[in-house]
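Here the structure is laid out as structure tokens; the discussion comes afterwards.
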Amino acid sequence: MTALTNPRTFRAAREHEWGQLEEILRRAEERSVRALDDEDLRALPVLYRGALSSLSVARETSLDLELVTYLEGLCARAYFFVYGVRTPLRSRIAAFFARDLPRAMRSLWRETLITLLLTAIGALAGYLLVMSDHGWFDAFVSSELAGGRDFSASTEFLRNALYDDGGENPLSVFAAFLFTHNAQISLLCFALGFAFGVPTIMLLIMNATMLGAIFALYASHGLTFALGGWLSIHGTTEIFAIILAAAAGLRIGWSVVFPGEKTRLAAAAVAGRTAALAMVGVVLMLLCAGLLEGFGRQLIVEDWARYTIGGIMLAFWCAYFYLPRRRPGADG
């Protein structure tokens, strides 16, 4: 047996390096990688490769099992510090909101433009149809959703409802119903995207025509500006969330129709990962819209203040999702 393969000689020749590696790993495991100084960080990959080399020799020359087991454990521990990502949960969450979520939203920009255009077309169509023939209103807005707000209602009734104080005013019930309805539309637009995007487009246009019909009702009573303020305080967030959810659904539907070189299932899986990230943002936007609807709309009754809040929220979401960010590690 040569000196290289003699267990005692082999261990004596390299045990110092293994001890150094163990000490570095101990400090990293007890605290974190940040506890290591620059010298330790430089030594870690070198000592890891040395331990791998020792393990290879120990296996090939059939040294004692105890030594092989020890080196396997040492290499496994070192691997996760050399190649693994040991990011604290707090840092991962921060990275998700700082980079991953905005990146997912930006990647959907084409689908977002399409769903924005479809929303505008649907709202305009609903508005024009109802203005030309009031009978269209019942076709676009269910009686449950309208709750007495139709062309038989007086201007005073419609105006007073826009400035309720959050009590049992019928429009409070309408607002809650509208929020629930829009939340369901958002989730359905996403969930049904796999069916080539067709149900997503239909739901989006249907919801937009309802919005246009409601505007037509209030416009016929000269309350367009007042309704816009009432809706904008939470609607800029809520409607934007619907548009983004539909964009996420279209991304999946588009990948199924045009999978490229991948199989349809594989293409849908890739698109689904991006869409799922975007839907986390949509859910957060809907929660924010619910808070704005529940508190801001009731406490703030001045039209310009409502428009200001709605505009600020829209600007915030656009800046958060679409402003370019410096990549991690980029020089200032």
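Since every read-out is calculated from the coordinates, none of them should be taken as a lab result. In this text, all values refer to a predicted model and were calculated from it rather than measured experimentally. Cβ placement follows ideal geometry from the backbone for every residue including glycine, while neighbour counts extend to all protein chains displayed.
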**Report entry** Which of I214, I121 has the fewest Cβ neighbours within 10 Å, and the rest in rising order
**Finding:** I121, I214
Query raised in the report: Rounded to the nearest 0.05, what FRET efficiency is calculated for R92 and E261 with R0 set to 22 Å and r the Cβ-Cβ distance?
Result: 0.10
Query - Gyration tensor (alpha-carbon) shape descriptor, the chain, a/c threshold 1.5 - result: prolate
Requested in this report: Using +1 at the Cβ of each Lys and Arg and -1 at the Cβ of each Asp and Glu in segment 93-322, identify which of Y218, T263, G294 lies farthest towards the dipole's positive end.
Outcome: T263
Query raised in the report: For the pair T224 and E22, how long in nm is the line joining their label points, each one 7 Å along Cα→Cβ?
Result: 8.1 nm
Query raised in the report: What FRET efficiency, computed as 1/(1 + (r/R0)^6) with R0 = 22 Å and r the Cβ-Cβ distance, is obtained for V270 and Y79, rounded to the nearest 0.05?
Result: 0.20
**Report entry** Computed Kirkwood radius, in angstrom, where 1/r is averaged over Cα pairs of segment 7-86
**Finding:** 12.9 Å
Query - Computed label-point distance, nm, for sites D64 and D38 using a 7 Å Cα→Cβ extension - result: 4.2 nm
**Report entry** Only Lys, Arg (+1) and Asp, Glu (-1) charged, at Cβ; segment 93-322 dipole about Cα centre in debye
**Finding:** 1120 debye
Query raised in the report: Do any trypsin sites (Lys or Arg not before Pro) in segment 228-332 lie in a DSSP loop with no more than 16 other beta carbon atoms within 10 Å, and if so, which?
Result: K262, R325, R326
**Report entry** Positive dipole terminus of the chain, leading residue within A276, A43, F190 (C-beta point charges)
**Finding:** A43
Report summary line: Most fluctuating of R149, R26, R103 in the GNM of the chain (C-alpha, under 10 Å) is R26
Report summary line: With x for Gly and Pro, the residue-by-residue ³J(HN,Hα) of segment 214-223, computed from phi through the Karplus equation 6.51 cos²θ - 1.76 cosθ + 1.60 at θ = phi - 60° and given in whole Hz, is 5, 5, 4, 4, 6, 5, 5, 10, x, 10
Requested in this report: Please work out the FRET efficiency for the pair A153 and I312, using the Cβ-Cβ distance as r and a Förster radius of 30 Å; give the result to the nearest 0.05.
Outcome: 0.45
Query raised in the report: Sorting F96, F194 on the 10 Å Cβ count, fewest up front, what's the list?
Result: F96, F194
**Report entry** Computed label-point distance, nm, for sites T9 and E302 using a 7 Å Cα→Cβ extension
**Finding:** 9.1 nm
Report task. Starting from segment 258-318, pick out the GluC sites (Glu not before Pro) whose DSSP state is loop and whose Cβ has at most 14 other Cβ atoms within 10 Å. Result -> E261, E302
